[in-house]
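This report refers to the structure that appears directly beneath it.
Please treat every number below as a calculation from the coordinates, not as lab data. Everything numeric here is computed off the predicted structure, so don't read it as measured data. Methodologically, a virtual Cβ is constructed for each residue, glycine included, from the backbone with ideal geometry; neighbour enumeration extends over all protein chains shown.
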Amino acid sequence: MCIAYSDSDPVSKHAAEFIKKEYDFEDRAGRFMQDKIELLRIEGSLITADYMDKLGFSTVLFMSKHHSSAGITSFTSHSLGNWTREASLGGMPKKLSTSSPALMLACIRNISEEAPEGANKVYEATHHGPLLDTPCTFIEFGGSEATMSEHESAEILGRASISAAHAIAENTQDYSHAVIGIGGNHYPSKFTRLALEKDYAFGHIMPSHSFIKDGGTWNTDMIEAAIKRSDQETEFAVIDWKSMGSEPRSVIIDKLEELGIDYERA
C-alpha cells in the first residue's frame, strides 16, 4: 500500500510533512515506511505518474490539491480516467485506471469525520490521470488558491489518508455493495450520501455530461470499462435517474442488461 505525494503540490507536500511528523514512519534508506504502508514522494505532477505500475504496490492513494473554479472549500475523493477522447489532464483518451471502491469509501468516510463544518465533503466523478492498472484513488483538499495554503486543512487530509490506507492495508474496510455510479454532475452528492448512509462502495462514477454520442453512437463501451476496471466485482450500477433524459437512460439500461448487471435508481 502506498500513499503518494508531490512536493510541487502544496497541499500534498504539507499533508506528507504532517504524516512524517505525527506518525511512526521509519526512514529506511530514504523510503518512509510504517508496517505495510509506504509514503512515497513523486517527482513532478501526480496526474502524470503513469510509471507507478512498475513499482509493485498493491494499491495507491494520491494526496492532492483540489481546484474549484468557484473557490468552494472542499475535501473530495475520486477514481481516475477519461470517459471521452479528451485527455488534457493526464491518462489516455477513453481509458480508465483500476478503481478501488473500498479505498474510496474509506476516504469519503474519513473526510466526513475529519473535515470541519462548512466544508464540502463529496465524491467527484472519475477524471484525469495517471492511467494505472494498480488500484488507485485520489484524496484531495482545496478551493481557492488561498485555501490551499492552509496547513491545518492539509493535516486533516493527512489524517484521513492514513486512516484510509490502514483500513485497506489491514483489510478492515467494510462495505455493503461494490457499485458504479452513472449520472449526476461532477460532484455526485446522491452517490456520496449512499456511500455514507448505506455503505455503498463506489468505484468509477460516470457523470451525465460524459455519456455522449461519439460518431453518432453512445459511448456505452465506457460503461463496460467502468464495471471491469475495478479491484472488486461490480454488483450493480446506481443511476441518478433525474439527471438525464429518457433516451440516454434507455441506452444505459440496455447496455447493463447486455452485461448482466442490475441497476438501482437514485
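Its Cα gyration tensor gives region 58-176 an equivalent ellipsoid, and the semi-axes of that ellipsoid, as √(5λ) in whole Å with the largest first, are 22, 20, 11.
Ranking of ARG229, ARG85 by neighbouring Cβ atoms within 10 Å, starting from the fewest: ARG85, ARG229. In terms of other Cβ atoms within 10 Å, GLU224, GLU155, GLU117 run from fewest to most in the order GLU117, GLU224, GLU155. When the listed pairs LYS13/LYS228; LYS20/LYS94; LYS65/LYS198; LYS54/LYS213; LYS21/LYS198; LYS54/LYS255 are checked against a 30 Å cut-off, the alpha-carbon distance exceeds it for LYS13/LYS228; LYS20/LYS94; LYS54/LYS213; LYS21/LYS198; LYS54/LYS255.
Taking the square roots of five times each eigenvalue of the Cα gyration tensor of the chain, the equivalent ellipsoid has semi-axes of 30, 19, 18 Å, listed largest first. With contacts taken as Cα pairs under 8 Å at a separation of at least 6 residues, region 136-224 carries a relative contact order of 21 percent.
Once C-alpha pairs closer than 8 Å and six or more residues apart are averaged by separation and normalised to the residue number of region 1-73, the relative contact order reads 49 percent. Mean residue ellipticity, 222 nm, helices only, the chain: the sum of -39500 (n - 2.57) across DSSP H runs of n ≥ 4, divided by residue count and rounded to 500, is -9500 deg cm²/dmol. In terms of Cα atoms, the Rg and Dmax of region 48-101 work out to 13.0, 38 Å.
For region 32-38, 3J(HN,Hα) computed residue by residue from phi via the Karplus equation (6.51, -1.76, 1.60; θ = phi - 60°) reads 8, 10, 9, 6, 9, 10, 10 Hz, glycine and proline entered as x.
Calculate, for PHE236 and ASP214, the FRET efficiency according to 1/(1 + (r/R0)^6) with r their C-beta to C-beta distance and R0 35 Å; round to the nearest 0.05. Calculated transfer efficiency: 0.90.
Per-residue Cβ neighbour counts within 10 Å put THR59, THR217, THR126 in the sequence THR217, THR59, THR126, beginning with the fewest. Spatially, region 198-253 and region 109-172 are offset by 24 Å when compared through their Cα centroids.
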